[in-house]
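J.: Below are the structure tokens for one structure; questions will follow.
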Amino acid sequence: INTATITSNKYSINQTKKIIYVEPSTDISTFENNLSQSNAILYNNNKVTSGLVKTGMTTNNYLIIVKGDVTSDGYVKMNDVMKISEYIVEEKGLNDTEKHAADVTSDNNIKMNDVMKISEYIVEGGNL
């Protein structure tokens, strides 16, 4: 088990919770090139070498969260908005990893302001 600390000038990293926050549509090579170190990137215990970074991947015992990507496809689309909206109304349907991805306002709550920020990102682009 690798316990080395990962740092990045590009990505926000919560060292206490060992979570790396990544913008949507980030490819694996760009991600790896912007970390101080990276061993294998894993998704469901399988090594990933290409494609997009997805919520739920791991590297060096760090959980990777793609902001807004609750469906774990690497993108932020209307299906993410719908899943978060359903969670807000029914207070069920998101696991802990998905909750980290849904909280794009970083206030430790999943509310309509998260849905609005994600919707704005979908329409206008920019960063989450």
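J.: Nearest 20 debye, what's the magnitude of the dipole of the chain about its Cα centre given +1 on Lys and Arg Cβ and -1 on Asp and Glu Cβ?
T.: Working: 12 positive and 16 negative charges, 78 e Å.
It comes to approximately 380 debye.
J.: Further question on the same structure: Rg to Rh for the chain: what is it, with Cα atoms only and Rh by Kirkwood?
T.: 0.96
J.: Give me the extension gain from Glu124 to Asn61: residue separation times 0.36 nm, minus the current Cα-Cα distance, reported in nm with one decimal. List each step's numbers first, then the result.
T.: Numbers: separation 63, 0.36 × 63 = 22.68 nm, distance 3.38 nm.
Value of the extension gain: 19.3 nm.
J.: Once the Cβ-Cβ distance between Thr105 and Asn33 is put in as r, and R0 is 35 Å, what FRET efficiency do you end up with, to the nearest 0.05? The partial results should precede the final answer.
T.: Values: r = 28 Å, r/R0 = 0.80.
Between Thr105 and Asn33 the formula returns 0.80.
J.: Return the calculated 222 nm mean residue ellipticity for the chain, to the nearest 500 deg cm²/dmol, obtained by summing -39500 (n - 2.57) across DSSP H runs with n ≥ 4 and dividing by the residue count.
T.: -9000 deg cm²/dmol
J.: While we're on this one: Considering only Met78, Gly51, Ser29, whose Cα is most displaced toward the positive end of the charge dipole of the chain, charges sitting on Cβ of Lys, Arg (+1) and Asp, Glu (-1)?
T.: Ranked along the dipole, the leading option is Ser29.
J.: To continue, here is another question. For the chain, what's the relative contact order in percent, using C-alpha pairs closer than 8 Å and at least 6 residues apart?
T.: Numbers: 222 pairs, mean separation 25.8, N = 128.
Across the chain, relative contact order equals 20 percent.
Taken together, the values in this text are just the output of simple stated rules run on the coordinates, not laboratory data. Since this is a predicted model, take the numbers as computed values, not measurements. Don't worry about glycine lacking a Cβ; one is built from the backbone with ideal geometry, like all the others, and counts go over all protein chains shown.
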